[in-house]
1. Considering only DSSP states other than H, G, I, E and B, which chymotrypsin sites (Phe, Trp or Tyr not before Pro) in the stretch 17-72 qualify as loop sites with at most 16 other Cβ atoms within 10 Å?
2. State the Cα centre-to-centre distance between the stretch 24-42 and the stretch 46-67 in whole Å.
3. Loop only by DSSP, 14 or fewer other Cβ within 10 Å of the Cβ. Give me the trypsin sites (Lys or Arg not before Pro) in the stretch 5-76 that pass, ordered by residue number.
Amino acid sequence: MPLLKPPEPVIAQRRYYVRIEEPLALTMERYAEFLGTDNLDHVVSQAVQFIFKRDSQFKSWLEQNPQTTPKPVRSKASSKRTASDGDGQ
């Protein structure tokens, strides 16, 4: 048995920007405080994982729909350009 632990596998991360209502944001911050952390990413990740593990209908749906549906990707530049194009009409 090795004396040292092998490195943890690196899991790719994505960044999402979401808007949530103020009361929910405050509750999320309080929950992080309850956990003894200021890492809100951890709170959100754990909450989402909890939901995915517990939702039996979602698990069934995933089994029936193993392939993801491709969605068009909107870049920040194109969304800003589209918004400004509509202003000139």
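Bear in mind these aren't lab numbers, they're just calculated from the coordinates by the rules spelled out. What you see is a predicted model; the values in this text were computed from it and never measured. Every residue, glycine among them, receives a Cβ derived from its backbone with ideal geometry; neighbour counts consider all protein chains shown.
1. TYR17
2. 24
3. When the trypsin sites (Lys or Arg not before Pro) of the stretch 5-76 are filtered for loop state and at most 14 Cβ neighbours within 10 Å, ARG14, ARG15, ARG19, ARG74 remain.
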